[in-house]
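Notes follow the structure.
Each value in this text was obtained by applying a stated rule to the coordinates, not by laboratory testing. Since the model is a prediction, treat every value here as computed from it, not as a measurement. Ideal geometry is used to build each Cβ from the backbone, glycine not excepted, and the neighbour counts take in all protein chains shown.
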Amino acid sequence: MIPNDIRITPELVAEHGLKPDEYQRILDLIGREPTLTELGIFSAMWNEHCSYKSSKKWLRTLPTTGPRVICGPGENAGVVDIGDGQAIIFKMESHNHPSYIEPHQGAATGVGGILRDVFTMGARPIAALNALRFGEPDHPRTRHIVSGVVAGIGGYGNSFGVPTVGGEVNFDPSYNGNCLVNAFAAGLADADKIFYSEAKGVGLPIVYLGSKTGRDGIHGATMASAEFGEDSEEKRPTVQIGDPFSEKLLLEACLELMASGAVIAIQDMGAAGLTCSAVEMGAKGDLGVELDLDKVPCREEGMTAYEMMLSESQERMLMVLDPAREKDAEAIFVKWGLDFAIIGKTTDDLRFRIRQHGEVMADLPIKELGDQAPEYDRPFVKTAKPAPLAPADVPAPNDIGEALTKMLGLPDMCSRRWVWEQYDHLIQGNTAIGPGGDAAVVRIGEGPKGLAFTLDVTPRYCAADPQEGGKQAVAECWRNLTAVGAEPLAITDNLNFGNPEKPEIMGQFVGCIEGIGEACRALDFPVVSGNVSLYNETNGKGILPTPAIGAVGLLPDIAVRTTIAFKAAGEAIILVGETKGHLGQSIFMRDIAGKPDTSAPPPVDLAVERRNGDFIRTEIRSRNLTAVHDLSDGGAFVGVAEMAMAGGIGAVLKPDTALPLHVWGFAEDQARYLVTLPENAATAFLDRAAKAGVPAARIGATGGTELTLDGAKPISLKAIKDVHEGWLPAYMAAGAEL
């Protein structure tokens, strides 16, 4: 019998995020009261962040396989074949709660964690992106959080040496007490040299690699699995501290060690630190694990077993090593100035056994800790399907030009240049398309191939109709990749929701998952990795459902790519796709009309998405188009304005439409693209579109320094660019004066 080092009370159980029935399950499982260390281990492994206990049932419904998929969900990251013996490894993860408590370090360690997920599988990171959601601009904490998060992301990624090439930023009151920081990373590896976390072999050494263990981050995963309340500031000690320079050393040392052939299994120490990494490695391999904590490198004196097992100190790895290569492996880490310590071994008894100072501090069944954690089928109530908004019910603005100008300066619609100029998006020298367009493009080595990356979701759509919102998030990523000429390969997801114990929140989750799954199946766009972040609530108020999608596409030749910028005057502007005038849940309704909007978001026809996207991609690869931009927030008027601002060339629009001009111009119908091409090629393009069954219509021409919307008063391109570029710098500068 392991002696109890402290009496376990109901209050202590609750402090560890375990419910009474879960604690009873622990008692039944081990047949006795757990020690404090064991309680901490169960808390770490059975919390929502690590066990996915509320979401596993629904995640299994997603399509995760395909002809290019080498490894789907269940590992540190997903692996997709990109031909020529190469693979792209990628994933997205949340660091929401830590970033609200301590924005700089919370965001920085989110970047560090996702980079480790990628290179622990043998890949060298080549791109990072992020999806950020903040509270309303007037909220007293928003400016501080924006500043800290952006600085943390830039500081870590820039120092580590990975280009941050894209992402998205939005503001909404629902994120006032719970910002979202979703970090994405992708790395390149040889397809036949992928490293996994499954331990193999009995009696093999378990090696601790990287930085020393401290007291930072203790209970970080548990904190990430609970609602915020009035005490959120008190949780600051649970936020980890990152060191990007140490992580860069860890990357190089790990890749060198992997190349030596000494590595049998490897797992980064992320959420729940040493506990989660050791348990997952053993459980996946049907092996036991025995650790001697006296051998763990620590940077603080007197650390208890409880603290060491739950610490989330950064830049650490755990590895099962070929014992014959032990000295060679140690020499590599010594060379890079990093700790290398054999702290345990694999066993054949399926036990997770922890020793310290000669005493057994924990002795638990490893399978039940790992892949047999509790799983819930939570009750849910689906969101009622709202009615569509009739275009005739939306009055026209007094001045369409003024409405467009105002829209381009909104917090959700303005330029994000202030953000991405703090990120190094050119480091490594392979960025072909950087931030500011539909998708980023990174060259693979010396080329000619390239990879495209994008992140997207429209939370207001998901709140109004979760299933359509889930479909739309996937479809927009599909369009973003298509718009640069890439073949969409696969997605990763970061599913951010409120408290799943509330049936209406669980209903949002279920609806979004159903929509994502439907879209992925229709578009042959499998889900290969991801993350679920629940309990994003503060004082009982949840965030908008935000199932962020990250997507990767392949370009056979990056020389054949398109951007959103107009390239020359006198070119035809063609709208591809059908405009029916869907203004429900649009930016126009929310911010220009200023009326309550309980209507349906624009419906997503996945067959049409695929047809239109395949046509556009074919035209790009045939070098027929000079610029391409997918249409989303703000509709055609915003799309044209963005293309004009990017190219410094104006346009005259004369759409042939029966719809009122404001409805046609601001509608957010899906499956649409704006394209430009030489005037003398327009007729042939329209003929090809007709033969492919794709709606397309010439709506205007490029030229001049103004935007003219169907005969309305011209708008100065400089004026709208000043508005578009000006809001975010002015907003942040105002904070500096406080």
Expressed as a rounded percentage, what relative contact order does the chain have, with Cα pairs under 8 Å and six or more residues apart?
15
Could you state the angle between the C-alpha long axis of helix 273-284 and the longest principal axis of the C-alpha atoms of the chain, as a value from 0 to 90 degrees rounded to the nearest 10?
90
What does the charge count near His662 come to, summing +1 for each Lys or Arg and -1 for each Asp or Glu among other residues with Cβ under 11 Å from its Cβ?
-2
In degrees, nearest ten, helix 36-46 long axis to first principal axis of the chain (Cα)
30
If you stretched the chain out fully between Asp399 and Asp190, how much longer would it get, using 0.36 nm times the residue separation minus the C-alpha to C-alpha distance?
69.6 nm
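Taking R0 as 25 Å, what FRET efficiency do you get between Asp84 and Gln422 from their Cβ-Cβ distance, rounded to the nearest 0.05? Show your work: numbers first, answer last.
Values: r = 35 Å, r/R0 = 1.38.
Calculated transfer efficiency: 0.15.
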Among Lys19/Lys502; Lys19/Lys200; Lys385/Lys502; Lys248/Lys284; Lys385/Lys541, the pairs whose Cα-Cα distance exceeds 25 Å are Lys19/Lys200; Lys248/Lys284
Output the peptides 375-384, 177-186, 304-313 sorted from most to least packed, where packing is the average of other Cβ atoms within 10 Å over each peptide's residues.
177-186, 304-313, 375-384
Would you calculate the separation in nanometres between label points at Lys595 and Arg611, each defined as 7 Å from the Cα along the Cα-to-beta-carbon direction?
3.2
For helix 326-335, report the angle its Cα long axis makes with the longest principal axis of the Cα atoms of the chain; keep it between 0 and 90° and round to the nearest 10°.
60
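Compute the relative contact order of the range 323-402 as a whole-number percentage, counting only Cα pairs closer than 8 Å that sit 6 or more residues apart in sequence. List each step's numbers first, then the result.
Numbers: 27 pairs, mean separation 10.3, N = 80.
Once normalised by length, the contact order is 13 percent.
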Mind listing the Cα extents of the range 80-157 along all three principal axes, in Å, largest one first?
52, 19, 18
Give the calculated FRET efficiency between Arg141 and Glu679 to the nearest 0.05, with a Förster radius of 60 Å applied to their Cβ-Cβ distance.
0.70
Could you tally the net charge around Asp377, taking each other residue with its Cβ under 13 Å from the Cβ of Asp377, Lys/Arg +1 and Asp/Glu -1?
+3
Calculate the spin-label point distance for Ser622 paired with Ala331, positioning each point 7 Å from the Cα along the beta-carbon direction, and give it in nanometres.
6.0
Between Lys56 and Asp687, Cβ-based FRET efficiency (R0 56 Å, step 0.05) works out to 0.65
Quote to one decimal, in nm, the extra length available between Glu578 and Asp349 on full extension: 0.36 nm per residue of separation minus the C-alpha distance between them.
76.2 nm
Considering only the range 240-393, percent of DSSP beta bridges that pair antiparallel, nearest 5:
80
Would you please put 401-410, 60-69 in order of how densely packed they are, using the mean number of other Cβ atoms within 10 angstrom per residue and starting with the highest?
401-410, 60-69
